[in-house]
Every structure is written in C-alpha cells, then in structure tokens.
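Since every read-out is calculated from the coordinates, none of them should be taken as a lab result. Every value quoted in this text rests on a predicted model; they were computed, and no experiment measured them. Please note: Cβ atoms are built from the backbone with ideal geometry, for glycine as well, and neighbour counts cover all protein chains shown.
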Amino acid sequence: MRLIAEGCGLSRAEVERLITEGKLVSAVPLSGKLSGDFTFTLKR
C-alpha cells in the first residue's frame, strides 16, 4: 500500500479506506508484500 500511497499522493490510511470502500481494487490482495508486478484500479 505504501507504493500506491506515495505514487498517488495519498496517505496509507486513505489507501486503506479506498480499498475497504471498494474504490481501489486489484486482482491480487493489496495487503502484504508483493514480489512481482500488479495492477490496480482507482475509482474516484
């Protein structure tokens, strides 16, 4: 989540809230460490 927060200029708490609300979605879980590429969609 840190990478998404920094890249989008958001706080990590805001990223977590967006995930909880279903406004930030990904095919892979966004909690924890990833060792490969991933994509996500941000619905604003």
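Below, the figures for the structure above:
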| quantity | calculated |
| --- | --- |
| Total charge dipole magnitude, the chain, about the Cα centre, Cβ charges on Lys, Arg, Asp, Glu only, Debye to nearest 20 | 80 |
| Structure-based [θ]222 nm, the chain - -39500 (n - 2.57) summed over DSSP H runs of at least 4, per residue, nearest 500 | -9500 deg cm²/dmol |
| Fully extended contour minus Cα-Cα distance, from Thr41 to Arg12, at 0.36 nm per residue | 8.8 nm |
| Identified option (computed Cα extents along the principal axes in Å; candidates [x] 36, 18, 17; [y] 25, 18, 14; [z] 46, 16, 14) | [y] |
